[in-house]
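The values are calculated or read from the model by the stated rules, or taken from the named source; none is laboratory data. Bear in mind that the values here come from a model prediction, so they are computed numbers and not experimental data. Cβ placement follows ideal geometry from the backbone for every residue including glycine, while neighbour counts extend to all protein chains displayed.
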Amino acid sequence: MKLPGEDEQRPMGFSVIYTVIGISAFVLIMLFVVMKSNDKDGGSSEYVKQSLQQQQEQAAAQQALEEDAVDEETEAGTEKKLRAEDLDFWDMYPVEGEEVEESNSNSGTKANSSSEKSEEDEEDEEDNKSNNKKEDSDKGKEENVQNDPSRDGKHTLVKSADGTEEWVLINPYLPKNTYDFTNLSESANIRKYTENGKKISYIGADISKHDGNVNFNSLKATGVDFVIIRLGARGYATGQLTLDEYFVENMEAAIEAELDIGVYFYSQAISQEEANQEANFVVQNLEPYRAHIKYPVAFAMEKISNDQARTDTLTRENKTTIANTFLGGIQAAGYVPMLYGNKEYLIKSVDLTQLQNYDVWLSQEEEIPDYPYQYTMWQYTTTGVLNGIKGDANLNICFVSYSDR
């Protein structure tokens, strides 16, 4: 039996349409998902790279911050307190148990270092040590010389009559003698001084009543050029002025022998007034012989041996004033004044800085005199042997030709 409508053709229903649409949508969704998945797989490596780069940049930034913090702590050292373990000298001490190992290691290092030294380095080191020792030795010697008055060149030894010795500072402002005594020679008690092979010295004898009768012609023949005759003296006890007993006789004999003549006076003045008296006494007694006086007129004030003298209480200033007064009077009279004395008298008894205008006659019985200052005549012996004088002769060498003045 056919139901109503079975044979009738009906259009496609909504269910079929929905099914088709759903399948299509599903396919599209799956395609979209696949495509999206592919996009993500392709960009994953780039994403990883970016992540790593960001981490590296963050790490670098963190490290920079830490370094800045360390620098700030170093700069603010006054705020940060050092701890014992922060000091690096603790490395000098080995950790327990490592002492032997480190000791052996150091020994090995030293051995290697020593073995690596070249012979040249060792020689240089020895040379340096030798040079240092030599420098220290030279320095020590120099200091010893500077501290030794006998070697420093600034002092001179003065021997007193009582046997005492003293190193006296040489006055740098006084003129020094420039004699070269390698040019000095002696024959038969006669000394001569040469320069460039030419004799420039003159031999003389100083004479007084103690020499008795002198044969002046014999002196001349022996080679004596001049004589210094004692004119007189003041008594060291009485203070009386006296003419030498042989003065006139000696003057006339010396003139006859044609010897150049000078004179000296033995002073015991204790004041300027007495010094003037002595100078006037000398000038008056020289007046008859003025034309024959070629050599100086000398002032002598010697210390009296084994007795007291009126001049013993004089100070250095007193003696300087008396000598200056006498010599000034002689000079005013037209004669050449000269100061006589031994080294002790000249250096210690008078002030030579106030007597520089006068020539000096040095008495020093030495092979070579060590008197540092300038002098023109030197009495080198009082025990010489000379034809014409009986007994000991006082011999002199003069470095100036007074007769030519």
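Hey, Gly212 hits all of (1) out of contact with any Ser or Thr (no Cβ under 9 Å at 6 or more places or on another chain); (2) surrounded by 23 or more Cβ atoms within 10 Å (Cβ to Cβ) but one; which does it fall short on?
Failed condition: (2).
I'm trying to understand the selection: among the residues of segment 224-245, which are loosely packed, with under 15 Cβ neighbours inside 10 Å and not hydrophobic (A, V, I, L, M, F, W, C)?
Within segment 224-245, Gly235, Thr238, Gly239, Gln240, Thr242, Glu245 qualify.
For Ala291, all conditions in the list (1) of a type outside the set (Phe, Trp, Tyr); (2) within 23 Å of Asp225 (Cα to Cα); (3) surrounded by 16 or more Cβ atoms within 10 Å (Cβ to Cβ) hold save one; what is the number of the exception?
Result: Ala291 passes all but (3).
Any idea which of (1) more than 21 Å from Tyr345 (Cβ to Cβ); (2) modelled with pLDDT of 95 or more is the one Asn196 doesn't satisfy?
(2)
With (1) over 21 Å from Ala237 (Cα atoms); (2) in contact (Cβ under 8 Å) with a residue 12 or more places away in the chain as the list, and Thr311 as the residue in question, which single condition is left unmet?
Single failed check for Thr311: (1).
Examine segment 207-214 for a residue that is over 22 Å from Met338 (Cβ atoms) and at pLDDT 95 or above, and state whether such a residue exists.
Yes, because at least one residue in segment 207-214 is over 22 Å from Met338 (Cβ atoms) and at pLDDT 95 or above.
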